[in-house]
Amino acid sequence: MIANGINTPLIEQRADPFIYRHTDGSYYFTASVPAYDSLVIRHSYSIEGLAQAKETTVWKKPEHGPFSDLIWAPEIHYNGGAWYIYFAAAPSREIKDDLFQHRMYVISTTAENPLTGEWSEPVQIDTGIDSFCLDATTFYHKGQLYYLWAQKGPGITGNSNLYLAPMETPLKLAAKPVLLSKPELEWEIRGFWVNEGPAVVTHGNRIFITYSASATDENYCMGMLWADLDDDLMNPASWSKSSNPVFQTCYEDSVFGPGHNSFTKSEDGTTDILVYHARTYTEIVGDPLWDPNRHTYVKALQWDSEGFPVFGTPSQK
């Protein structure tokens, strides 16, 4: 939403936002809630309408078990004629080896309306690596469904790297994952060594992956990978990586730590829309994860003459 040229939150206190535009042109929204205890969905026939849309809780965490705490970064997708919500969860808030114990899960429904359908029990997505993992997204490329996520890599410094794998079904990987990116640049390792929250958008003859880096305070920012559409996406050599952040804090207008983005399309289907969260202050008491004021923002994505995205600043239209 835009007021006097300054971008204001679309939805307050909703982090890790994801907006999916369905085949009927309507929009479904989900995000992490501050209590980290449930999966919620909003539905509207416009992006702006999501701000006032009723929020439906479609799943609540159990009291005990492997997915009973810290429900993070859900995404709703329509894959192969059914609805899926991919998310990460932990058995507790215990930290082991400097990390939470998240693993990745998915629930599904074949109902036409995901707000009223009966959802399955969570199924774990097995990546073949038993370690901290989160922030999964899915996308189709040349008819193949892919799974893209962040995970702690064996023998690799830092919290998380980006991995990609084709899917046999929306519940199961078809091959071993490949490593696409790890935190290594100065702006990726501020506070924590992080590559997470990947999102996919295509334009012209390229496919782009944006991702978030560093700690979740004002240092949080976005980087980007890209490849040609005809390249082998499972070959890490196909991907190039930005040497600098493509989207970061705007101190002048007090919009801090933009990241964990997704992409959708405008109502007329012609404009790419950037969806992201950010804060409006830096004075956070304690761990930024427990501060509820990461808000959902949207803005139109621009493209330059060479076909690369122009993100601008998180505060401006």
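The residue that is farthest from Phe29 (Cα to Cα), among those in segment 108-123 that are assigned to a loop (DSSP other than H, G, I, E, B) and of a type in the set (A, V, I, L, M), is Ala111.
Quick one: is Thr137 surrounded by 16 or more Cβ atoms within 10 Å (Cβ to Cβ), part of a strand (DSSP E or B) and out of contact with any helix residue (DSSP H, G or I) (no Cβ under 7 Å at 6 or more places or on another chain)? So Thr137 passes the test. Of the candidates Glu94, Glu55, Glu63, Glu118, the single residue that is acidic (Asp, Glu), under 21 Å from the mean Cα position of the chain (by Cα) and more than 30 Å from Trp226 (Cα to Cα) is Glu55. Might you check whether a residue that is outside any loop (DSSP other than H, G, I, E, B), free of Cβ contacts under 8 Å to residues at least 60 places away in the same chain and surrounded by 19 or more Cβ atoms within 10 Å (Cβ to Cβ) occurs anywhere in segment 237-256? Taking every residue of segment 237-256 in turn, at least one turns out to be outside any loop (DSSP other than H, G, I, E, B), free of Cβ contacts under 8 Å to residues at least 60 places away in the same chain and surrounded by 19 or more Cβ atoms within 10 Å (Cβ to Cβ). Specify which of the listed residues (Thr202, Thr157) is hydroxyl-bearing (Ser, Thr, Tyr), at pLDDT 95 or above and within 27 Å of Ile273 (Cα to Cα). Selected residue: Thr202, the only one of Thr202, Thr157 that is hydroxyl-bearing (Ser, Thr, Tyr), at pLDDT 95 or above and within 27 Å of Ile273 (Cα to Cα).
Yes or no: Arg103 within 16 Å of Leu148 (Cα to Cα), basic (Lys, Arg) and modelled with pLDDT of 95 or more? If you could, list the steps in order and put the result at the bottom.
On the way: within 16 Å of Leu148 (Cα to Cα): yes; basic (Lys, Arg): yes; modelled with pLDDT of 95 or more: yes.
So Arg103 passes the test.
Applying the criterion of being touching a helix residue (DSSP H, G or I) at 6+ places or on another chain (Cβ under 8 Å) and among the charged types (D, E, K, R) to the residues of segment 212-236, the residue that is surrounded by the fewest Cβ atoms within 10 Å (Cβ to Cβ) is Asp232.
Is there a residue being buried (at least 21 other Cβ atoms within 10 Å of the Cβ), out of contact with any His (no Cβ under 8 Å at 6 or more places or on another chain), within 21 Å of Ile95 (Cβ to Cβ) and at pLDDT 95 or above anywhere in segment 108-118? No: segment 108-118 contains no residue that is buried (at least 21 other Cβ atoms within 10 Å of the Cβ), out of contact with any His (no Cβ under 8 Å at 6 or more places or on another chain), within 21 Å of Ile95 (Cβ to Cβ) and at pLDDT 95 or above. Could you run through segment 5-23 and say how many residues are surrounded by fewer than 18 Cβ atoms within 10 Å (Cβ to Cβ) and among the hydroxyl-bearing types (Ser, Thr, Tyr)? Within segment 5-23, residues that are surrounded by fewer than 18 Cβ atoms within 10 Å (Cβ to Cβ) and among the hydroxyl-bearing types (Ser, Thr, Tyr) number 2. Summed over segment 287-301, residues that are within 15 Å of Phe247 (Cβ to Cβ) and hydrophobic (A, V, I, L, M, F, W, C) total 3. Of the candidates Leu164, Leu225, Leu233, Leu179, the single residue that is in contact (Cβ under 8 Å) with a residue 60 or more places away in the chain, part of a strand (DSSP E or B), farther than 23 Å from Gly257 by Cα and of a type in the set (A, V, I, L, M, F, W, C) is Leu164. Contact annotation: residue pairs with Cβ atoms under 8 Å, 6 or more positions apart or on different chains, pairing a residue in segment 50-73 that is surrounded by fewer than 13 Cβ atoms within 10 Å (Cβ to Cβ) with a partner that is of a type in the set (Asp, Glu), are Lys60/Asp37. Considering only residues in segment 151-161 that are under 17 Å from the mean Cα position of the chain (by Cα) and either part of a strand (DSSP E or B) or of a type in the set (A, V, I, L, M) (or both), the one that is nearest to Tyr78 (Cα to Cα) turns out to be Gln151. Cβ-Cβ distances below 6 Å connect the following pairs, each with a first residue in segment 120-137 that is more than 14 Å from Gly153 (Cα to Cα), a second residue that is polar (S, T, N, Q) and not in a loop (DSSP other than H, G, I, E, B), and a separation of six or more residues or different chains: Ser120/Ser108.
With respect to (1) more than 14 Å from the chain's Cα centre (by Cα); (2) at negative phi, the lone exception for Asn261 is condition (1).
The values are calculated or read from the model by the stated rules, or taken from the named source; none is laboratory data. Every value quoted in this text rests on a predicted model; they were computed, and no experiment measured them. Cβ coordinates were reconstructed from backbone atoms using ideal geometry, including for glycine residues, and neighbour counts include every protein chain displayed.
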